[in-house]
Amino acid sequence: MAQGSSQPHRVAVIVDEGTNPFEVGVATELFGLPRPELGLPGPLYEVVLCTPTRAVRMNHGFFTITGTAELDAVDGADTLVVPGRPDNVVPRSADVLDAIRRTHARGARILSFCTGSFALAEAGVLDGLRATTHWMWAEAFRELHPRVRLEPDVLFVDEGRILTAAGSAAALDLGLYLVRQDHGAEIANAVSRRLVFAAHRDGGQRQFVERPVPEVPDESLGPVIAWAQERLGEPLTVADLAARAAVSPATLHRRFRTQLGTTPLTWLTGERVALACRLIERGEERLDVVAARCGLGTAANLRARLRRETGLSPSDYRRRFGPRAGEPLVS
């Protein structure tokens, strides 16, 4: 029930072939459950699941969903939710895309969860707008939909009538954000407590992106990389790396660009930040000690570098990824 209205806000959720069950669950949990603890005269939202066929197999065939409404149910919705599915290069059905376009044309609000942004982009409603998707699919999204301004580092993007969430859990972030927009902070906080989920999470997707050690196809860089990784706490420079590799700084720069797609200095800084993250994860709380051991010099520089790389301050990173109270520290 929107603020100032006696009618509940109507939410339609499109469940397409191969949809991820978690995101459908998020939509029904956020918008479909009764909230008697709030003491309101009616529900916050009215939810309907709609499908392009009578029976739809969910992702990996975990189960088949039946008993849903037809796709024309979207025509009476104030908000349309489009969850994601893993086969993003397979075109959506014409009926699903048409339902999205109709919803957009009449001015209703549209949300996508995780890779549901692929469906919105395929329908053409994201052209020229900012959007996000799961970080694992960012490059594929850019290739398929170059007219969309992808922002891969954030948890969700609000473009007014169209909002896109990044990963599956980010659907909760976006949903709570909308509850706050629709009904105010007090109700949003109550819903977040019911979910046992933070009403607002700091940082973006960068903190969750995998950072594997890159393969080094040319063994000429292998020894100098291993040597540097053992000495990150020392005042290493690009000239030091070049001297160790017995090449000029220009040659070293060219090899890094060719083999790793980055510069020696950027690589060195990234390794130092990664080491700082590991130290914080293992329980080191003294920022000056972390900064010294990883070669970032000062606590101020550590804060700046960590926020640039992960979107989080050291204290936020520690709360998110550090050992919990009572857990043994990892050495």
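The values are calculated or read from the model by the stated rules, or taken from the named source; none is laboratory data. A quick note: this is a predicted structure, and the numbers were derived from the prediction, not measured. When we count neighbours, we look across all protein chains shown, and the Cβ atoms used for this are built from the backbone with ideal geometry, even at glycine.
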- Message: With the requirement that a residue be surrounded by fewer than 20 Cβ atoms within 10 Å (Cβ to Cβ) and either outside the structural domain of Ala119 (by TED's automatic domain parsing) or touching a residue at least 40 places away in the same chain (Cβ under 8 Å) (or both), what does the stretch 155-166 give you?
- Response: Arg161
- Residue list for the stretch 138-149, filter: surrounded by fewer than 21 Cβ atoms within 10 Å (Cβ to Cβ) and either in contact with a helix residue (DSSP H, G or I) (Cβ under 7 Å, 6 or more places away or on another chain) or touching a residue at least 12 places away in the same chain (Cβ under 8 Å) (or both): Ala138, Ala140, Leu144, His145, Arg147, Arg149
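Which helices (runs of 4 or more DSSP H) sit wholly inside the stretch 277-331 and have at least 2 residues that are at pLDDT 80 or above and within 23 Å of the chain's Cα centre (by Cα)?
Here the list reads 299-310, 314-321.
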- Quick one: is Arg206 of a type in the set (D, E, K, R), out of contact with any Cys (no Cβ under 8 Å at 6 or more places or on another chain) and either at pLDDT 80 or above or part of a loop (DSSP other than H, G, I, E, B) (or both)? no
- Residue in the stretch 107-128 that is of a type in the set (Lys, Arg) and either modelled with pLDDT of 95 or more or outside the structural domain of Thr53 (by TED's automatic domain parsing) (or both) present: yes
- Any chance Gly311 is touching a residue at least 60 places away in the same chain (Cβ under 8 Å) and either on the phi > 0 side of the Ramachandran plot or surrounded by 19 or more Cβ atoms within 10 Å (Cβ to Cβ) (or both): yes
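Give the residue, chosen from Thr19, Thr28, that is assigned to a loop (DSSP other than H, G, I, E, B) and not acidic (Asp, Glu).
Result of the check over Thr19, Thr28: Thr19.
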